[in-house]
Amino acid sequence: MKRSIRFFITSLGSGGAERVLVNLLAWLDPEKYKVSLMTVYGGTNEKNLPPYVEYKRIIKGSGKLSKLIKKILLKLPPRLFASLFLKGVFDFEVAYLEGVPTAFLLAKRTSGRKIAFVHCDLSVNKTGYPLYSNAEKCLKAYSRFDRVCFVSEDARRGFESAIGHLDNAAVVHNVIDVKSILSLAEQPADREYDDASLKLITVGRLAPEKNFSMLLSVVSELSIEYSIELWIVGDGELRGELSEIKESKNLDNVHFLGYSDNPYPYIKKADMFVCSSLFEGYSTAVLESVVLSTPVITTDCAGMSEILGDGRFGMIVENSKEGLKKGIIKIINDPEILNKYRSELKKYSPDELPFNKDYNELFDY
């Protein structure tokens, strides 16, 4: 008999957690599991859902009224929301994001097992538990789940240092589709780099936590002396602000490519992937760059040491403007650093990376 699993997340937008959730849904065996998904509203990843997933979203439209309804729903008391919208009995129910999904699912009364995912380092990113007035209440809430899954060891350690120890904690790395990434990377890209000495790319939602304003500042200062080109793949609420920074600094060597369902040909063409994030949990974009044998330079965030093999596949720098700037200068002045990373990336097997290995155990206990 199939086990029933329902996942709950706020939306299916273009964020990393949403993309990874779609990968996970596609990875689960439909002969073994009956899989359902509930969201408050939709997003660009809806079109990527596997056909066997039973998908329900509360808000159908996308106009002003829908946005108002969304605000009202997300402010409902958790128990009221759960009683209105999280109906049904499942063997497993999964809150796939910290914050609202976790609080709302926890409020549901059910005989099934409850699982919560934590995708960020809560010792750095405090936005993950705004519904709790203090760390003690947050710890008590997470302790009520049957399992709390952290996407990296750093995310688990961050929770423990900021909030407290959980006996029900596990580390369950993100799912990615290696074969699909390698195949999609072979498709032609619709633009080429100029003749810059160092070709950089970054992929992510244009949101504050990605710290792209700092990255633009670094590129601006380095461009005075060095030949650099930067492609930014993604869209988000800071697109206008970042475009203004580009114009004010005359950064003709920075190109906003917008959101893409297939960023992999662009990543493959770059000399290096750059991550300027203030915080991460377990960066899908960095992991995908490793799969594509593109070296990485990243600020020091949760999960980076695990992905980059403690510096084997890329450089982890101090999480600051000066740290990122010094790291890029070091790479420019010593091309052998990039050659070393590329050589190591060609040696590795995707089996070395910690992903896609933990989910059968998660839903089979």
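The values are calculated or read from the model by the stated rules, or taken from the named source; none is laboratory data. Quick caveat, the model's predicted, so the values are computed rather than measured. Because the Cβ atoms are built from the backbone with ideal geometry, glycine has one as well, and the counts that use them run over all protein chains shown.
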Item checked: Candidates Leu25, Leu12, filtered to the one that is in contact with a Gly (Cβ under 7 Å, 6 or more places away or on another chain) and crowded, with 20+ Cβ neighbours inside 10 Å -> Leu12
Item checked: Selection status of Pro50, within 21 Å of the chain's Cα centre (by Cα), surrounded by fewer than 16 Cβ atoms within 10 Å (Cβ to Cβ) and outside any helix (DSSP H, G or I) -> yes
Note to self: Of the conditions (1) over 25 Å from Ala26 (Cβ atoms); (2) surrounded by 14 or more Cβ atoms within 10 Å (Cβ to Cβ); (3) modelled with pLDDT of 95 or more, Leu80 satisfies every one except a single condition; which number is it?
What the structure shows: (2)
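Here is a yes/no grid of residues against (1) touching a helix residue (DSSP H, G or I) at 6+ places or on another chain (Cβ under 6 Å); (2) within 21 Å of Ala155 (Cα to Cα):
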| residue | (1), (2) |
| --- | --- |
| Arg79 | no, no |
| Leu84 | no, no |
| Phe90 | no, no |
| Ala95 | yes, yes |
| Gly99 | yes, yes |
| Thr102 | no, yes |
| Arg113 | no, no |
| Phe117 | no, yes |
| Asp121 | yes, yes |
Next item on the list: Determine whether the range 306-313 contains at least one residue that is on the phi < 0 side of the Ramachandran plot, in a loop (DSSP other than H, G, I, E, B), basic (Lys, Arg) and assigned by TED's automatic domain parsing to the domain that holds Lys199.
Entry: yes
